[in-house]
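See structure below.
The values are calculated or read from the model by the stated rules, or taken from the named source; none is laboratory data. What you see is a predicted model, and the numbers here were worked out from it, not measured in a lab. Don't worry about glycine lacking a Cβ; one is built from the backbone with ideal geometry, like all the others, and counts go over all protein chains shown.
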Amino acid sequence: MTQAMPLQGPTLTVAEEERSARISLFRRLLKNPSGLVAMIFLALIVLSAILAGVITSADPNAASLQDVLAHASAAHPLGADSAGRDVLARLLYGSRFSLAGALVTLVVAAVIGVTSGLIAGYFGRWFDSVSSWVAGLVMALPGFVVLLAARAVLGPSMWLAMGIFGVLISPAFFRLVYASVSAVRNELYVDAARVSGLSDARIIARHIFTVVRAPIIIQAAMITGIAIAIQAGLEFLGLGDTNVPSWGSMLNDGFANIYKNPTLLLWPALAIALTSVALTLLANAMRDELERSSGSKKRRGATKRAQVLVEHELVVSHPDDARTEAALGEELLRITDLAVGYDQADGSVTTVVNDVSLVVRRGEVHGLIGESGSGKTQTAWSILRLLPDGGRVVGGSIFFEGKDLAKASEKEMTALRGKKIAYIPQEPMSNLDASFTIGSQLVEPMRVCLGLSKKEATARALQLLARVGIPNPERTFTAYPHEVSGGMAQRVLIAGAVSCNPDLLIADEPTTALDVTVQAEVLDLLRELQSELTMGVVLVTHNFGVVADLCDRVSVMRNGRIVETGPVRTIFAQPEHPYTQSLFEAILEDGDAREPLQDTPSVETIVLETIGKGASK
Amino acid sequence: MTDVLLDITNVVVDYPIKGFRKEPFRALKGVSLDIRPGETVGLVGESGSGKTTLGRAVLGLAPVTSGSILYRGKDIAHLSRGERLALSSEIQVVFQDPYTSLNPSLTIEQILVEPLTVRKVSQRDASKRVRDLLDQVGLPTSAADRLPREFSGGQRQRIAIARALALEPRLIVCDEPVSALDLSTQARVLELFKEIQERTGVAYLFVSHDLAVVRSLSHRVAVMYHGEIVEWGDADQVTARPEHPYTQRLFLAAPVPDPVRQEQRRADRQRLLAVQAEQNLQAGVL
Amino acid sequence: MIRFILRRLLSGVILIFVISTVAYLLLYLGGGDIARRILGQSATAATVAQKAHALGLDQPLFVQYGQWLSHAVTGSLGSSWFTSQPVTAAITSRLSVTLSLVIGATIISAIVSVILGVLAATRRGWVDRVVQIFTILGFAIPGFLVALALVTVFAIDLKIFKPTGFVQFATSPGGWAATVTLPIIALALGGIAGVTQQIRGSVIDALRQDYVRTLRSRGLSNTRVVYKHVLRNAGGPALAILAVQFVGLFGGAVIIEQIFAIPGLGQVAVIATTQGDIPLVMGLVVATAIIVVVVNLIIDLLQGFLNPKVRLS
């Protein structure tokens, strides 16, 4: 018992891309083309702002009557404006004030938004409600009008205006930080840190700030762009500080002289537009890079583990026994050598199901059992031809009523789905559309598939709801999905699946999300409906108990292949494939319960004594 | 007997409901339970039964309205953050979802060192301890500088167990620690739990919805229903010969992985439901 | 549902009250010697005092505010200090012009972004990439730069549209269209970019939801699922963005009106701001606040219609 456990299962292979996840965002941005271009451009703008005095010797504010609207020349490389001031110098010095102004906005917004967001998101309580209300209020303010009002009172100070704009835009930071913090706060790893005794400050610094850091940087780039635009807008209106050379005031001057010299408008417009675009591109590139590396957020089921598929595997196939022979009906579905693949970004195809062959007869329940990633659900979805994005049948055939579904058109499939082949999903709640009543989600398909009138469909829906054991069909019919329990929702989904009298039912883990007592009821319901409608059923599950309860025949899947198939009693009695045998060995149901703990043995007391050293201090 | 590690008496937990003057939701309605050193107490129930809440109350993560939770004679139901810190080397936790219980952006070493740093263990000792912990849960030491996402569910759960073991606790609250795992992985992780217990003498409060899992690991089992413990006793007694009507229903509802016996169990269940319905009817009439 | 509306209305009234109070305090406290500013440096101290008395500036602040508020409730927002025109009249006479721009831009951005967003999300591939580039540019480039470019190209170089001015719709619908087309395009572009991005994102998100597979498994066509179920679920977040855009458009309109010389609220706002005509600025703040509240109420009602959870909670 006490020997060390041998480490089985997938070995620790580390793909290159996963390693690169730890490389900093900055380094990854350098490899992203648009991110790199944006960063180079922004670096140039910053440099030219700092080195304005070195690049040009001209004074941005020195007016000269001789040079009014002068064209490009050695003295004025980009010409001169309506007051004879050097355009290049004004452009360079202007970038100084644009950037500095945007920086003021950014700092004010970040300080207010991030701190209040952290506090409200992490500690919640009254500060949460108050700050959310204030943020909503500030966001509802017509920002530009407020800026005008402030200008009316406080006079033309660029710094003050940008500071006020920082306050006005701080809810953008607040909402972002608040949302991510309150999501992270309830993560289990934060609970684990609490149990480990970490202080709030350390939890925020270690677990929470690391999560919100990147989104904050992205938001900062966006807000800088907006601030530059707003500042330019104010100055363009002539509401800025006239002593300060700026892109906005240059625009104003250019617009006033648009008939005389349109290039005066061009330079500042280009500067503003390119800077804004660069900032937006940078933000987008950062988001793309982050999304690429956040595969870890996907939960179980969504994770597509790259699998090493066994090239060929012997399929252990058991002959029919007396029970299955007696129940032989017509053949409904014949899958031969099915392969399912997913298109990868690099053009290759990853195969997740291979060489799968199975037959389902009318009135027969065929179980597909396997662990996660075994390809059982992929097989089920490919029968319906409802694989997720990028997935498709890449080989083999799926014959149903003489038609190969693998090659059928989308239109033919739409005609078959619901009417001939139906589907019961795993998660009851997420499989109902929260925006529509339960009734309308039952009625709509019946009107399409069976061509019923609304009244007929409603009557039939109520009948079905009663049939699947819903106590008050009328009330459930008008209810929204979030108003019923998970067990009820699953009954609704079953009602929907059988609403058009299908011949074949694909049930994907139909009871996995349910409590045991509800599961037993739903299994009973499925058995009754199956025999009532003499449907063929493909039942996907990972639970041997469910297989034992419902299935006539079972196929065991591993790594996208069937390893053993046959009548359910034969397989449970004499599993032959080593993998099937190992699965049966892992079943706990038949094991003995543990004996009650004997009076504390001396060994344990000693161990406890040594462990207890910290506690007595 | 002084030899009780954790003594829970009449614990009530209320969760406030959002909204003005709404009645709070009573998740636990006076629950009593005790755990001895080195013992596994299984807590079984369906969703909403309050089993997870009880685990969280022991960890100080759920608001205890009344009642007491005595850990070695000291009430830990309402501790300050500082007092909790002192307790963190005594009581630890392993959560259900191995995908969210590890911070995705920290390496395994950083995750395992976290509880140690609170104890002011030096960096070198901590690294040594990390290798030791990984060894204890059957992972190679090379796992230390990898990220959680590079591991499968079962391996992640081993990491979570290693984190719980870091401070050598006497009690680990295990909240559905194997429900998210595949069958074969589940069996191996359960073996690991047993092996660690036999080696270190740690006690478990083992929360699960799965009667078979609880039965295989627990010395004693408590069955929860609607915020109350309805049955409480030795594992074999509760999981094989339950007395309370709810436990009986629960027991017969779980399908047994054998077509022949399941057919029998299905019939037993129908019969039980019929009998209980009859009894309820009579109780209603009376 | 009625309770829902009443609650939103009440919070709207509170919002207007808070905004006007803050604005009032800000404007009057920061305004300095107002009577002196109106009369200019040459005025004698006596006339300044007289003017201050006439404007009620010699009374305590809360009395002034109380008077302003009691007038405001009856719809009177005082008179401009410089033209003596009643503020309410100054605003209402210009309101329709600005509203026609802003509402026009909102309708256009709503329609265009639904089309672009759904196309990008369902077709993906090159369609998606083109839409993406368009939205990045539309979001990044400030609307008034677009306006300047439009004026330069279409009005000054090509002479297709009139560069400046405004013709009332009632006077000449054709003339109206000729004068508002460019401003509306300039205003709408930013909004289209933002809302398209949102719709694309939430449609992609909604398409990945489990219920889409389930609905399709019942025999509903992909198109039907997208336009009936997916779009309705994606609509909520898109509406929220549209509401924010609508408020932002009032700011944008200030600059756009200046460029196209359109006699709307924006022009009034700029003149009032440069002159320091506080009653007028104040009136503008209150007027826009009311519009914001009304728009948010409408959006909230639409949200409630789209999402039953909002309605019932």
- Task: Could you pull out the residue among A:Met286, A:Met250 that is more than 30 Å from B:Leu102 (Cα to Cα), in the same structural domain as A:Gly113 (by TED's automatic domain parsing) and of a type outside the set (Phe, Trp, Tyr)?
- Result: A:Met250
- Task: Report whether or not C:Ser217 is closer than 30 Å to A:Leu387 by Cα, at pLDDT below 90 and crowded, with 20+ Cβ neighbours inside 10 Å.
- Result: no
- Positions within region C:151-178 being in a helix (DSSP H, G or I) and surrounded by fewer than 22 Cβ atoms within 10 Å (Cβ to Cβ), in sequence order: C:Thr152, C:Val153, C:Phe154, C:Ala155, C:Ile156, C:Asp157, C:Pro173, C:Gly174, C:Gly175, C:Trp176, C:Ala177, C:Ala178
- Answer residue from region A:150-163, given it is surrounded by fewer than 22 Cβ atoms within 10 Å (Cβ to Cβ) and either in a helix (DSSP H, G or I) or at pLDDT below 80 (or both) and is nearest to the other protein chains (Cβ to nearest Cβ) among those: A:Val153
- Query: Out of (1) surrounded by 24 or more Cβ atoms within 10 Å (Cβ to Cβ); (2) closer than 22 Å to A:Asp508 by Cβ; (3) more than 11 Å from every other protein chain (Cβ to nearest Cβ), what's the single condition that is false for A:Ala461?
  - Reply: (2)
- Message: So in region A:574-617, with the set limited to residues that are modelled with pLDDT under 50 and not in a helix (DSSP H, G or I), which one is farthest from B:Ser179 (Cα to Cα)?
- Response: A:Lys617
- Select, from C:Thr98, C:Thr135, C:Thr88, C:Thr106, the only residue that is touching a residue at least 60 places away in the same chain (Cβ under 8 Å), touching a helix residue (DSSP H, G or I) at 6+ places or on another chain (Cβ under 9 Å), within 27 Å of A:Arg287 (Cα to Cα) and not in a loop (DSSP other than H, G, I, E, B). C:Thr135
- Unique match (being crowded, with 22+ Cβ neighbours inside 10 Å and either assigned by the TED database to the domain that holds C:Ile108 or closer than 18 Å to C:Gly264 by Cβ (or both)) among C:Leu187, C:Leu137: C:Leu187
- Message: Take the conditions at the interface with another protein chain (Cβ under 7 Å from one of its Cβ atoms), under 13 Å from the mean Cα position of the chain (by Cα) and not acidic (Asp, Glu) and apply them to B:Leu217. Does it pass?
- Response: yes
- Query: Would it be correct to say that A:His76 is crowded, with 21+ Cβ neighbours inside 10 Å and in a loop (DSSP other than H, G, I, E, B)?
  - Reply: yes
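Here is a yes/no grid of residues against (1) more than 18 Å from the chain's Cα centre (by Cα); (2) at pLDDT 80 or above:
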residue	(1), (2)
C:Ile91	no, yes
C:Arg94	no, yes
C:Leu116	yes, yes
C:Ala149	yes, yes
C:Ile156	yes, no
C:Leu182	no, yes
- Query: Scanning for something in contact (Cβ under 8 Å) with a residue 60 or more places away in the chain, surrounded by 14 or more Cβ atoms within 10 Å (Cβ to Cβ) and among the polar types (S, T, N, Q), does region C:59-81 turn up at least one residue?
  - Reply: yes
- Message: So, in region B:143-189, exactly how many residues are farther than 24 Å from B:Val118 by Cα and part of a helix (DSSP H, G or I)?
- Response: 12
- Task: Considering only region A:121-158, state which residues are among the aliphatic types (A, V, I, L, M) and in contact (Cβ under 8 Å) with a residue 60 or more places away in the chain.
- Result: A:Leu147, A:Leu148, A:Met158
- Filter region B:94-111 down to the residues that are in contact with a Pro (Cβ under 8 Å, 6 or more places away or on another chain) and assigned to a helix (DSSP H, G or I), then identify the one that is nearest to the other protein chains (Cβ to nearest Cβ). B:Ile111
- Single unsatisfied condition, C:Ser96 versus (1) away from chain A (no Cβ under 14 Å); (2) of a type in the set (S, T, N, Q); (3) over 25 Å from C:Val247 (Cβ atoms): (3)
- Message: Out of everything in region A:446-458 that is charged (D, E, K, R) and within 20 Å of C:Ser221 (Cβ to Cβ), what residue ends up being surrounded by the fewest Cβ atoms within 10 Å (Cβ to Cβ)?
- Response: A:Lys454
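Tally the residues that are loosely packed, with under 12 Cβ neighbours inside 10 Å and not in a helix (DSSP H, G or I), restricting the search to region A:326-343.
Of all residues in region A:326-343, those loosely packed, with under 12 Cβ neighbours inside 10 Å come to A:326, A:330, A:337.
Going one step further and asking which of them are not in a helix (DSSP H, G or I), we end up with A:330, A:337.
So the count comes out to 2.
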- Query: Do the conditions hold for B:Leu183, that is, is it crowded, with 20+ Cβ neighbours inside 10 Å, out of contact with any Phe, Trp or Tyr (no Cβ under 9 Å at 6 or more places or on another chain), facing chain A (nearest Cβ under 9 Å) and among the aliphatic types (A, V, I, L, M)?
  - Reply: no
- Query: In region A:478-485, is there at least one residue being under 22 Å from A:Leu452 (Cα atoms), in a loop (DSSP other than H, G, I, E, B) and away from every other protein chain (no Cβ under 12 Å)?
  - Reply: no
- Message: Given (1) touching a residue at least 24 places away in the same chain (Cβ under 8 Å); (2) out of contact with any strand residue (DSSP E or B) (no Cβ under 7 Å at 6 or more places or on another chain), identify the lone condition not met by B:Pro140.
- Response: (1)
- Message: Looking only at residues that are surrounded by 24 or more Cβ atoms within 10 Å (Cβ to Cβ) and more than 15 Å from A:Leu154 (Cα to Cα) in region C:263-282, which one is farthest from the other protein chains (Cβ to nearest Cβ)?
- Response: C:Gly264
- With respect to C:Thr223, is the statement that it is assigned to a helix (DSSP H, G or I), in the same structural domain as C:Thr152 (by the TED database), of a type in the set (Ser, Thr, Tyr) and buried (at least 22 other Cβ atoms within 10 Å of the Cβ) true? no
- Query: Would a scan of region A:385-396 turn up a residue that is over 28 Å from A:Val365 (Cβ atoms), surrounded by fewer than 18 Cβ atoms within 10 Å (Cβ to Cβ) and not hydrophobic (A, V, I, L, M, F, W, C)?
  - Reply: yes
- Note on the structure: If we keep only residues of region A:234-291 that are in contact with a Pro (Cβ under 7 Å, 6 or more places away or on another chain) and outside any loop (DSSP other than H, G, I, E, B), then the residue surrounded by the most Cβ atoms within 10 Å (Cβ to Cβ) is A:Ile272
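Could you tell me whether region B:64-71 includes any residue that is within 20 Å of B:Leu6 (Cα to Cα) and facing chain A (nearest Cβ under 10 Å)?
There is at least one residue in region B:64-71 that is within 20 Å of B:Leu6 (Cα to Cα) and facing chain A (nearest Cβ under 10 Å).
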- Message: Which condition from (1) under 30 Å from A:Asp389 (Cβ atoms); (2) surrounded by fewer than 20 Cβ atoms within 10 Å (Cβ to Cβ) is the one that C:Gln197 breaks?
- Response: (2)
- Message: Taking the conditions exactly as written (buried (at least 18 other Cβ atoms within 10 Å of the Cβ), touching a Lys or Arg at 6+ places or on another chain (Cβ under 9 Å) and over 25 Å from A:Thr476 (Cβ atoms)), does A:Ala422 satisfy them or not?
- Response: no
- Item | Meets criteria (touching a residue at least 12 places away in the same chain (Cβ under 8 Å), within 9 Å of another protein chain (Cβ to nearest Cβ) and of a type outside the set (D, E, K, R)) for B:Val118 | yes
